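The values are calculated or read from the model by the stated rules, or taken from the named source; none is laboratory data. Just so it is clear, the model here is predicted, and its values are computed rather than measured. Because the Cβ atoms are built from the backbone with ideal geometry, glycine has one as well, and the counts that use them run over all protein chains shown. Just the protein is used for accessible areas: all its heavy atoms, side chains included, with ligands, DNA and RNA removed. Shrake-Rupley method; radii C 1.70, N 1.55, O 1.52, S 1.80 Å.
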Amino acid sequence: MTEPADWARSDRARERARDLSLLLAVLLALLGVVLLAVYFLALNGGAAPRLAELALARVPQSGVGNPVTAVLVNYRAYDTLVELAVLLAAVLGIWSQRPAPPGFQRSSAVLAGMVSWVVPLLIVTSGYMLWVGGYAPGGAFQAGALLGAAGVIVRLAGDPTAGLPGEAVQRWLLVLGVLMFALVGLALMLLGAGFLTYPPKLAKWLILLIESAATIAIGTALAAAYVGGRPSAKGQGPSAGEASAAPSSSSLGPRP
Amino acid sequence: MTAQFLYGGAGLILFVLGLWSFLVHAPLLRKLIALNIMGGGVFHVLIAVAYRGDGVTPDPVPHALVLTGIVVAVSATALALVLGARLQDEQRQG
């Protein structure tokens with residue numbers, strides 16, 4: 001093939017790609033206008049029946065005061081159960097792909113000092129979020145996200161394990177959310193209520209139990225996803241076998 | 001009403017922009033970012049739909065759906081990032 005033909009071909013391909021992206025832009029702009037028009041009409045069409053009245057009316061029987069938590073863990077508990085399973089499946093997929101890549105270099109004294117302050121604060125805030133989710137904005141996902149953020153910070157500061165324990169313990173922490181959810185559901189079934197149909201008297205404590213387990217599982221899963229691979233036996237470092245919460249902060253304290 | 005339309009409309013525009021970027025750009029990382037922007041747009045719309053007027057408690061059901069959606073989006077993104085990194089490693093070796 002001669003060079004000019006190559007040039008012509010690549011020119012033509014580039015032109016075609018440009019035309020295509022222009023066409024797409026026009027079509028998608030039209031789609032945007034249609035969507036906006038439909039949305040505008042829907043907003044002006046008056047109030048349609050909603051689930052909100054039903055959901056808000058039953059909040060006193062749900063065991064929690066925060067309607068969003070009530071929807072998540074009580075009315076639509078299946079959603080949350082399967083969502084925890086999705087998170088677990090994602091971590092399993094990540095672990096199946098590759099061993100954990102090496103972390104970053106050990107941080108300097110200033111960053112390590114800051115991290116040893118921030119991580120315990122994040123863990124305490126996470127516990128607060130979990131508790132406050134019962135009656136105000138908060139809950140297991142926010143609390144788990146804070147725990148996951150603590151793990152991310154610990155890994156960024158140089159701990160390759162993100163403060164997580166060894167693989168065997170990590171497996172249990174990861175399945176804890178789904179496990180507790182399913183166990184509570186099955187126990188309720190055995191007692192004669194339906195799967196995840198909480199009796200109003202026990203609802204508060206069952207939900208707190210499930211949310212605590214879910215918080216730990218979500219935090220572990222997010223930190224494990226950030227590590228980005230299956231923990232390798234030799235890359236465990238000094239924090240192998242330690243629990244994720246307190247020791248991760250102590251292991252980051254000032255080093256001699 | 002206007003604020004609700006602007007907020008939800010911004011979500012729709014984000015969705016369309018993300019879709020455009022997803023279709024036009026070849027690199028996987030850009031497609032992944034575009035998918036996340038689309039998801040952000042959908043969350044915007046759901047949050048706007050939950051609004052029921054001043055002084056009225058918003059509809060908790062869309063809020064819970066968004067919370068669920070965020071977690072699913074984060075896990076899917078993490079898995080996709082690792083898959084993309086693995087793909088790049090294989091291509092570099094092969």
Practice task
Determine which single condition residue B:20 fails, assuming it passes every other condition in (1) at pLDDT below 95; (2) surrounded by fewer than 19 Cβ atoms within 10 Å (Cβ to Cβ).
Solution key: (2)
Exercise for the section: Any chance you could count how many residues in the stretch A:151-207 are touching a Gly at 6+ places or on another chain (Cβ under 8 Å), among the basic types (Lys, Arg) and over 25 Å from residue A:222 (Cα atoms)? Expected result: 1
Handout entry: Residue identified as open to solvent by less than 70 Å² (accessible area, probe 1.4 Å) and under 30 Å from residue A:159 (Cβ atoms) among A:112, A:52, A:77, A:70
Key = A:112
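Out of the residues in the stretch B:64-94 that are within 24 Å of the chain's Cα centre (by Cα) and open to solvent by 60 Å² or more (accessible area, probe 1.4 Å), state the one that is farthest from the other protein chains (Cβ to nearest Cβ). Full working, then the answer.
As a first pass, look at the stretch B:64-94 and keep what is within 24 Å of the chain's Cα centre (by Cα): B:64-87.
Next cut, open to solvent by 60 Å² or more (accessible area, probe 1.4 Å) only: B:65, B:70, B:74, B:81, B:83, B:86-87.
Details: B:65: 8, B:70: 7, B:74: 7, B:81: 7, B:83: 7, B:86: 5, B:87: 10 Å.
Among those that are within 24 Å of the chain's Cα centre (by Cα) and open to solvent by 60 Å² or more (accessible area, probe 1.4 Å), it is B:87.
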Handout entry: residue A:38 being surrounded by 15 or more Cβ atoms within 10 Å (Cβ to Cβ) and in a helix (DSSP H, G or I)
Key = no
Practice task
Of all residues in the stretch B:36-63, count the ones that are open to solvent by 40 Å² or more (accessible area, probe 1.4 Å), in a helix (DSSP H, G or I) and without any contact (Cβ under 8 Å) to a residue 40 or more places away in the chain.
Solution key: 6
Practice task
Sort out which residues of the stretch A:1-16 are open to solvent by less than 100 Å² (accessible area, probe 1.4 Å) and modelled with pLDDT under 85, and write them in order of number.
Solution key: A:2, A:4, A:5, A:6, A:8, A:10
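Quick one: which residue in A:238, A:247 is open to solvent by 50 Å² or more (accessible area, probe 1.4 Å), part of a helix (DSSP H, G or I) and at pLDDT below 85?
Numbers: A:247 fails: open to solvent by 50 Å² or more (accessible area, probe 1.4 Å).
None of the others qualify; the one that does is A:238.
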Practice task
Please determine, by comparing only the residues of the stretch A:127-162 that are within 11 Å of chain B (Cβ to nearest Cβ) and over 16 Å from residue A:80 (Cβ atoms), which one is surrounded by the most Cβ atoms within 10 Å (Cβ to Cβ).
Solution key: A:148
Problem - Close pairs from the stretch A:166-190: first within 25 Å of residue A:202 (Cβ to Cβ), partner among the aromatic types (Phe, Trp, Tyr) and in a helix (DSSP H, G or I), Cβ under 9 Å, at least 6 apart - result: A:179/A:172
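Return the only residue of A:55, A:112 being among the small types (Gly, Ala, Ser) and more than 10 Å from every other protein chain (Cβ to nearest Cβ).
Details: A:55 fails: more than 10 Å from every other protein chain (Cβ to nearest Cβ).
Every option except A:112 fails the conditions.
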